[in-house]
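> Dumping the structure here so I can ask a few things about it.
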Amino acid sequence: MSSKEELLKRLSDGVVEMEEDDVAEAAQEYLDAGYLAFDGIMEGLVDGMNRASELYEAEEYFVTDVLLCSDAMYAGLDILRPHLPEVSGDDKVTGVIGVVEGDTHDIGKNLVKIMLETAGFNMIDLGRDVPLARFVETAKEENAAFVCLSTLMTTTMGGMETVIRLLDEAGIRDKVKVMIGGGPISQKYADKIGADGYSQNAVEAVKLAKRLLNI
Amino acid sequence: MLTPKERLKMILEGRQADRPACICPGGMMNMVTSELMDRVKVYMPEAHTDARQMAKLAKAVYEEGCFENYGVPFCMTVEAEEMGAKVDMGTNVYEPHVTGYVIDSVSEVSKLKPVDLAAGRAKVVLDAIRILKKETADVPIVGNLTGPISTAGSVMEPVTFYKELRKKNQEAHRYMEFITEQLIAFGRAQIEAGADLIAVSDPSGTGEILGPKYFKEFAVTYINRLLDALQEEKMGTIVHICGQMSPVYKEVNEVKSSALSFDSIVPMKEAREHLKDRVLMGNVSTYALEFGDPERVKMLTRSCVKSGSDIISPACGLGMKSPLGNVQAILAGLTEEEECRRGQDQ
């Protein structure tokens, strides 16, 4: 039988190497051997995803690679997560994420969501082509600490400014940080519309969220 | 004085013209703004489905002094829709976008129907080109195609598609072959209808998403297959690719278009250094066009020229709220420069 370290390495390597089936198998062996699910997630799966994001930052991995790595990570999570001790979801910081109305390009948004979830945030994904008021309603209902808005099109970026105005009108602008990103978006645009931050890619988005929320 | 058509032709052939051309192709590279629609009282979404309205709006782009070309269509959903995708036609400020995919996996390619050029919006686009051809003379008509990767990612969920490039590699190629055949048929029909050149925009096929290996294996391969299959007698082809080029300059140089166009993240100077012998198009910031003023746009235009751009154009599709004065400032800046130069020569 493999040691805990060996299994953790298999989980981590499997994520980096995009081996979905192998990760699932290793996760099952890991559980059967009686090790803690929490360690398997953090030191195995999340460790692998962090290594994948380092490769992405170094331009050795590209978006397609990271998507496959995350598939492998989720395959492992599906097996390990049910064995976590009950913790209340209240401990987690909640964020709302989506692609603004008029745009259906969601690759970047998905990547940001994966990275934020890996970093321990509870992300509520509204999907794409999201009516602007829904960001505000959801942030209110879920008591979200931040909202992430994405678009790849110049024609729809104006919707981000509207969301900020709607948050203002709903009286929750000071409780909700707004992060924006996507092809045509820049720091300059974020400053112009009064967003709290801009990040150029998914790895930066995690750093930005932590900075804005003092985590 | 050269006509816009003569000028663009010379530039695409790599010859020296009196000044850089100033165009915005259409398709993904949107050149229609709210102010322009108000001027001619033709509006989206109607202009997406009516050939006469489409042609009228395309004409306005040149007649109002924005760009020296006509271009249709004004979106990148025609090809996917004709293959069965559900499309929301958008509003007067939002472009049409795909809301329902046709297949779930590249292996279901046999379920797709070929594009029918005699029906639907493919026919609208071809009719609009025929109208432009019949009613105009000296201004180049650009027919637009959605690039192979972007079309492939509009007919099925793009995340699944990207993953299957690796997981179902052979089937992904068969899927891409089918998609490319449809684009070839549509592109050839556009040229037959009177398009002078074909612009291909492939925003979903970037080097950043695919990485150099898949960029070459899929994006470059199928863009080139498409370009090779278009008629010889056309004036030229433009390929626009989004995102950073630094990981893929070598691969991009293999794209066999007459001109290459990049978005504003790529410094024109850097592109010129890496692609010395290519005709380059770009890339006035669409941010400046929407939020800047005419003076700033003129300054950016001069900087593009100085950095080695042969065809000056917006870096991406225009935001609908871009003031007409800003949009017109690109061309105004170029002609002012030219007059200034002539004055000095005399």
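The values are calculated or read from the model by the stated rules, or taken from the named source; none is laboratory data. As the structure is a prediction and not an experimental result, all values here were calculated from the model. Virtual Cβ from ideal backbone geometry, glycine too; neighbours counted across all protein chains shown. Keep in mind that these areas ignore ligands, DNA and RNA; they rest on the heavy atoms of the full protein, side chains included. Shrake-Rupley method; radii C 1.70, N 1.55, O 1.52, S 1.80 Å.
> I want the antiparallel fraction of DSSP beta bridges within the protein assembly as shown, as a percent rounded to 5.
Bridges in the protein assembly as shown are about 10 percent antiparallel.
> State the Cα centre-to-centre distance between region B:262-276 and region A:52-81 in whole Å.
31 Å
> Within chain B, what's the longest stretch lacking trypsin sites (Lys or Arg not before Pro) that sit in DSSP loops with no more than 10 other Cβ atoms inside 10 Å?
Segment B:42-275 is the longest.
> Assuming 0.36 nm per residue, please report the length gained on full extension of the stretch A:E57 to A:E142 beyond their Cα-Cα distance.
The span from A:E57 to A:E142 would gain 27.4 nm if fully extended.
> Alpha carbon centre of region A:138-190 versus region B:33-102: separation in Å?
Region A:138-190 and region B:33-102 have Cα centres separated by 27 Å.
> Leaving ligands, DNA and RNA out of it, rank B:M320, B:M76 by accessible area with a 1.4 Å probe, largest first.
B:M76, B:M320
> Rounded to the nearest 500, what is chain A's calculated 222 nm mean residue ellipticity when only DSSP H runs of at least 4 contribute -39500 (n - 2.57) each, over all residues?
Estimated from H runs of four or more residues: -15500 deg cm²/dmol.
> Right, next: Would you kindly find the accessible area of A:Y30, with a 1.4 Å probe and non-protein molecules such as ligands, DNA and RNA excluded, rounding to the nearest 10 Å²?
Roll a 1.4 Å probe over it and A:Y30 shows about 0 Å².
> Still on this structure: Just to compare against my own numbers: the Cα pair-distance distribution for chain B, 20 Å bins, whole % per bin, please.
Binned Cα distances yield the sequence 33, 60, 7, 0.
> Across chain A, where is the longest run that never hits GluC sites (Glu not before Pro) in a DSSP loop with at most 13 other C-beta atoms within 10 Å?
Formally, the longest exposed-site-free interval is A:143-215.
> Would you please give the residues with an amide H less than 5 Å from that of A:F146, counting only those at least 5 places away or on a separate chain, with H modeled from the backbone geometry?
Amide H neighbours of A:F146: A:V96, A:K177.
> If I require 27 Å or longer along the helix axis, counting alpha carbons, and a Kyte-Doolittle average no lower than 0.5, what helices from chain B are left? Use full DSSP H segments.
Qualifying helices: none.
> Here is a further query. Past the 30 Å Cα-Cα mark, which pairs from B:K168/B:K250; B:K111/B:K216; B:K123/B:K163; B:K9/B:K168?
Pairs exceeding the cut-off: B:K123/B:K163; B:K9/B:K168.
> Compute for chains B and A the buried accessible surface, both sides summed, probe 1.4 Å, and express it in Å² to the nearest 100.
Between B and A, the summed buried area is about 2600 Å².
> Could I ask something else about it? What is the distance in Å between the Cα centroid of region A:1-50 and that of region A:96-122?
25 Å
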